[in-house]
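The values are calculated or read from the model by the stated rules, or taken from the named source; none is laboratory data. All values derive from a computational prediction rather than experimental measurement. With ideal geometry, Cβ positions are generated from the backbone for all residues, glycine too; neighbour counts draw on all protein chains shown.
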Amino acid sequence: MRIRELRPADAPACDAIVASLPAWFANEEGIRECAELVRTTPGLVAEDGGTVRGFLTRARRFPRTEEITWIAVEASRRGTGVGTALLAALEEDLRRNGVRILLVKTLSDREDPGPEYAATRAFYLARDFEPALELDIWGPENPCQVLIKPL
C-alpha cells in the first residue's frame, strides 16, 4: 500500500469509491461536494497495485487546525487498514508542519443514523479522536458530531 498526494486525475477513482458506499454516501448534495473537493482540494490517496483504494480530502481551518473533509475506502477494502494508513500519513505530515489539532465531522448518534455511522465513529474513537460538540449544521434530522484529536 502506497500513500501519496491526491491528484485531479484520481477523481474518477474517488467517485467510484463513493459509489461503492451507498450506505454512507446517499445524499446527492454530499456526493457532489465530495466530487468537487477531490478535484480541487489537497488530500491523500491509498494506492495498491496502481489502483486507488481509499482517499481523504483536507482543509486548513486555522494555522494549527486541519479538518478531514472527506474520507472513504473502497467497500471491499474496509477494515483492512487502508483508512488507518491514510490517517497515519496525514497526521505525520500535519505534525511535521506544526498543526496541533485534527478534526472531523460525522453524523451523531443522537438520531441513530444506523450501524454505518456507528462504525465510522468507532473508527475515529479507536484512533484517539474525542467527541467535542454536536451541531445542527445539516439540519436537526442529521445532527453533526465534531471529533477532535490533539496532535
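Suppose the filter is at pLDDT below 95, within 25 Å of residue 14 (Cα to Cα) and either more than 11 Å from the chain's Cα centre (by Cα) or not small (Gly, Ala, Ser) (or both); does residue 69 pass it?
Answer is no for this residue.
Please verify whether residue 86 is of a type in the set (A, V, I, L, M, F, W, C) and either under 12 Å from the mean Cα position of the chain (by Cα) or part of a loop (DSSP other than H, G, I, E, B) (or both), treating the condition exactly as stated.
For residue 86, the condition - of a type in the set (A, V, I, L, M, F, W, C) and either under 12 Å from the mean Cα position of the chain (by Cα) or part of a loop (DSSP other than H, G, I, E, B) (or both) - is met.
How many residues does region 31-54 contain that are surrounded by fewer than 19 Cβ atoms within 10 Å (Cβ to Cβ) and on the phi < 0 side of the Ramachandran plot?
So the answer is 12.
If the requirement is being closer than 19 Å to residue 30 by Cα and either surrounded by 13 or more Cβ atoms within 10 Å (Cβ to Cβ) or in contact with an Asp or Glu (Cβ under 7 Å, 6 or more places away or on another chain) (or both), which of these qualifies: 64, 127, 121, 77?
Answer to the selection: 121.
Looking at this structure, is residue 28 of a type outside the set (S, T, N, Q), surrounded by fewer than 15 Cβ atoms within 10 Å (Cβ to Cβ) and within 15 Å of the chain's Cα centre (by Cα)?
It is false that residue 28 is of a type outside the set (S, T, N, Q), surrounded by fewer than 15 Cβ atoms within 10 Å (Cβ to Cβ) and within 15 Å of the chain's Cα centre (by Cα).
Tell me the residue from 13, 85, 59, 72 that is out of contact with any Pro (no Cβ under 7 Å at 6 or more places or on another chain), in contact (Cβ under 8 Å) with a residue 60 or more places away in the chain and surrounded by 12 or more Cβ atoms within 10 Å (Cβ to Cβ), please.
The match here is 85.
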